[in-house]
Every structure is written in structure tokens, then in C-alpha cells.
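Worksheet for the structure shown next.
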Amino acid sequence: MAIDRRNSGSNSMWGGRFGDGPGDIMREINASIPFDKRLWQEDIAGSKAHADMLASVGIISNEDNAEIQRGLTAVHAEYQLNGVPEDLSLEDIHMVTETRLRELVGEPAARLHTARSRNDQVATDFRLWVRGAIARVDAGIREFQSALVERAGEHADNIMPGFTHLQVAQPVTLGHHLMAYYEMAKRDRSRFADCAARLNQSPLGAAALAGTSFPIDRNATASALGFDAPIANSLDAVSDRDFALEFLTCAAQTALHLSRLAEEMILWASQPYGFITLPDAWSTGSSIMPQKRNPDAAELVRGHAGRIMGCMTSLMVTMKGLPLAYSKDMQNDKPPVFEAYDLLALSIAAMTGMVSNVTFNGARMREVAASGFSTATDLADWLVREYGLPFREAHHVTGSVVKACEARGTGLDAITAEDLAAINPALAGNKLPDLSVDGSVASRTSAGGTSPVRVKEAVAAAKKELES
Ligand code: ARG
């Protein structure tokens, strides 16, 4: 039985009480099919689980269920082949699919929506989609971590300047710096895992908002769809989108971390730094300046983070004033989630590619690491250890040494035992510290410190973590 999908009077799904169909603008503002067609697989899976359950408890016949299953499998194959048709008059993915099902199998299709509403249907579809998205994001971040660990292992001994206030502070190892991002990524994954665990409950069977008078089995649909349990309260099930918001906050936090690394790469690639060279594949040229090599991918990762945060804000603002239960505002939950996912997936892939392929200019990093009296803290620590000075006093003495070196135009490594004795007679011990950048990083063996020994341990532990 074919259904006339054109603008022929009232809507075929809910138009029983309507004389006229919606006007063009109403149809356009109401339609979500242009974006929610992305839920087609989840929608079909949800309908199959619902129909199986309806048959198993005797609400529909096994024959009708068989037709529904056959029809939904056929719709799945059609969508896979040709995409989902965008019929604005059918509003959304739920009605487009049900309409096509009815064209294919006839009357049994009209029994599918028993004990169900689009409100619990869309909440179910969307949870399933976000669950899948989290699995893909997690796999992406894992790749990113592997790239970081790989490069950190290569550069466990290589020196770079560590900064505070963007001033050269103390030498660190490049491996240590990269492993800092590994740790951030690890927490990002753990946040997504928490989100996945909390969202994994089934709204299906909440119906419009109040539950249903039919003897449905919510545990059956929940477990068929891989949920841990049905959501306890039907109003909550159809009206909250905290799972989508939590996904967006996780995405925003991850994007923020990627953006910081992107920003560092942009700085490092600029001529005054000269710390890295991005490969051709990750650079773009200028249409006017032939010499240019721009880090556009990193800039876009930094830029995308802003858009992802905007997606999070968009849904928070949408939800904050809504009374229970469902309101159509909530249809606007999908575009920001889809947009944030797409931008994040691309950002993760781009950062993974850049980390894997960037060339680190070790000599330049080492040169800058040795500048700015970066081992002054090592001198102060040495005075504490060798002469038992209180740290505050050692700090003061070192300040005088730095001042003297500055006046002479030398580095700290040029100081002599006489210099020390001249500043403070108590230091006339004829001893001199190792103030090289290598000595400095090698000495920082405290747990979590920058010494190559600790970095190599961290890399080994991370490799083990990534394997498990
Ligand atoms: N397309 C709708 C959405 O995504 C489905 C739910 C519609 N429910 C309703 N009662 N109009 O929110």
C-alpha cells in the first residue's frame, strides 16, 4: 500500500485530527530529517528490538513481527545503498523509516508504534548514536596517545626549554613534554568512558512521557540494544539530554587539550622558535608569499576547539529552561552533537598525523634550553646540598651570580669558584656544580620528573597501558 507523501492535506502519521496539512514554513521549521537521518541505523535497530519485544509478550503477532523485521531489513539495505530520502513532510527519521516500512510490508508496519512514542524512540536512538560515537572517539584518542608515546620514546634524552610565563624556566626533555599530553589524553578517555557508562540505560518503553498501559518488557528491549538497564523514570527518560551534554563537555575538554598542543606547534614552527618543521603534508603555502609554510592544520585544530565549545554551550542553553517532559526545542540537540563529533574526530586525526610526522629541531631546542640562565635553580639546589644553605638564601646568592653573569655577558656555566667566594665567603670551598642542561635534566629524578630515566619508565608504562 503506497502512501501519498506529497502535501496532500494532513500528515499521514499524526494528522487524524487535522483538516489541513502544515504550511510550507511550518513544514520546514518542523523537519529534522536533514540532520537526524544520521540516526538511521540506530532507529532501525531500536524498531527491531521493540517489535521483537511486542511479539514476545503477545502485543503483536509473530507473523506481523516477521513482516516488520523483513521490512526493516529491506529499508536498512535501501538506505545503505541510496541514502535516506529527505522528505520534509515526514519530518524526521522515525517517520521517514516507518512510512517506507509501510510501503514495503503494509498493515503490520502500522502496529510497530504500539506502546511507543517518538519521544522514547528518539531518546533511545540518540543514546545509541552517542555510545557509538564515544567508541570511535576513544579509538582515535588511543591512536593519538600511541603517536605521542612513540615520539616521546625517541626523544626521552633530548633537551628542550621548559617554560613558565612563556619565559625559559628550566630545561626539560622533549619526551617529558610529549608525555604530559599523553596523560591529558588518558584523562580525556576516562571522562568519555564515564559518560558511556552513565548513558547506557534504555529510554525505550517510557512512551510519550508516562509509560504505557501495554504489558511491555523494558528489560528485553534494553538488553537487546546492549543497554545495562531501562531508565527508572519515564519522565526522565524522555526529557533529559544530560548524556548528550556530558558527551559535549568531554568533547570540549578533549578539544581544549588538543588546542593547547596545536598552539604549541604553531609557536614552535614559527621562525623565532624554530623548534619544529612540519612536513609538507601538514603545511600549506601562501598565494602571495612563495616562501611561506603555514601550520594551517594546527590552527584549525585550535579554531575547531572554539566551535566545539560553542556546541556544548548551544545545547546547555537549549536545555536550561525546559520544563518536563519533552519539548520540540530538544530536536535541536542533534546538530551540535553531530558537529562537535565531526570536528573532534578530524582534530584528533590531524593532531595524530602531525605528532607522528613533525621533525623536531633538537639543536635549536637545546640552544634555547641553555639560554636565560635556565639552570639557576640547579645552582641554588647545589648550594643547599653542598653548603647546607637554607633554600631562600641559596636563591638569593644565585640571584647575585645571575646578575654578575649578566653584567659580564656570560652564561652560568662560566662562573668560577672565586666568583662564588666573592659573593659569599662561606662558599670558598673550591667546588663547582654541573650546570649543564644535560646535568640539570638528569638530576630531576623525582617521581614524575623530567629526567630521561623517569621518562623512559613513563613511556614503557604507557606502552603497556595502550596494549591492554
Ligand atoms: N524529531 C523529534 C526530535 O528529534 C522526535 C520527537 C518528536 N516528538 C514529538 N512529540 N513531536 O526531537
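The values are calculated or read from the model by the stated rules, or taken from the named source; none is laboratory data. Computed from a predicted model, the values in this text were never measured in an experiment. A quick note on method: Cβ atoms are made from the backbone with ideal geometry, for glycine too, and the neighbour counts reach across all protein chains shown.
Worth pointing out:
- Test: residue 105 is at pLDDT 95 or above, closer than 22 Å to residue 334 by Cβ, more than 16 Å from the ligand (Cβ to nearest atom) and crowded, with 21+ Cβ neighbours inside 10 Å: no
- Screening 42, 91, 98 for residues that are within 14 Å of the ligand (Cβ to nearest atom), more than 29 Å from residue 223 (Cβ to Cβ), buried (at least 20 other Cβ atoms within 10 Å of the Cβ) and among the acidic types (Asp, Glu) leaves exactly one candidate, 91.
- All of 261, 267, 248 fail the test of being within 9 Å of the chain's Cα centre (by Cα) and in a helix (DSSP H, G or I), apart from 248.
- Residue within segment 300-316 that is in a loop (DSSP other than H, G, I, E, B) and either within 17 Å of the chain's Cα centre (by Cα) or surrounded by 15 or more Cβ atoms within 10 Å (Cβ to Cβ) (or both) present: no
- The C-beta contact set for segment 274-295 (first residue surrounded by 13 or more Cβ atoms within 10 Å (Cβ to Cβ), second residue modelled with pLDDT under 80 and among the small types (Gly, Ala, Ser), distance under 8 angstrom, 6+ apart or interchain) comprises 293/285; 294/285; 294/286.
- Test result for residue 259, touching a Lys or Arg at 6+ places or on another chain (Cβ under 8 Å) and surrounded by fewer than 20 Cβ atoms within 10 Å (Cβ to Cβ): no
- Filtered by the rule that a residue be assigned to a helix (DSSP H, G or I), within 13 Å of the ligand (Cβ to nearest atom) and not basic (Lys, Arg), segment 27-39 gives 29, 30, 33, 34, 35, 36, 39.
- Residue in segment 180-192 that is more than 30 Å from residue 40 (Cα to Cα), more than 13 Å from the chain's Cα centre (by Cα) and in contact (Cβ under 8 Å) with a residue 60 or more places away in the chain present: yes
- Selection status of residue 71, within 23 Å of residue 204 (Cα to Cα) and within 16 Å of the ligand (Cβ to nearest atom): no
- Looking across segment 111-163, the residues that are small (Gly, Ala, Ser), within 16 Å of the ligand (Cβ to nearest atom) and on the phi < 0 side of the Ramachandran plot come down to 117, 123.
- Among the residues listed as 115, 185, 169, 156, the single one being hydrophobic (A, V, I, L, M, F, W, C) and assigned to a helix (DSSP H, G or I): 185
- Of the helices (runs of 4 or more DSSP H) that lie entirely inside segment 365-468, those containing 3 or more residues that are free of Cβ contacts under 8 Å to residues at least 24 places away in the same chain, among the charged types (D, E, K, R) and under 26 Å from residue 145 (Cβ atoms) span 452-467.
- The residue pairs whose first member lies in segment 69-94 and is modelled with pLDDT of 95 or more, whose second member is away from the ligand (no atom under 16 Å from the Cβ) and β-branched (Val, Ile, Thr), and whose beta carbons are closer than 8 Å, counting only pairs six or more residues apart or on different chains, are 70/105; 71/105.
- In segment 199-228, the residues that are closer than 30 Å to residue 465 by Cβ and either in a loop (DSSP other than H, G, I, E, B) or out of contact with any Phe, Trp or Tyr (no Cβ under 7 Å at 6 or more places or on another chain) (or both): 200, 226, 227, 228
- Filter result for residue 120 (assigned to a helix (DSSP H, G or I) and either surrounded by 21 or more Cβ atoms within 10 Å (Cβ to Cβ) or in contact with a strand residue (DSSP E or B) (Cβ under 9 Å, 6 or more places away or on another chain) (or both)): yes
This table checks each residue for (1) among the polar types (S, T, N, Q); (2) touching a residue at least 60 places away in the same chain (Cβ under 8 Å).
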residue	(1), (2)
164	yes, no
167	yes, yes
177	no, no
202	yes, yes
206	no, yes
209	no, yes
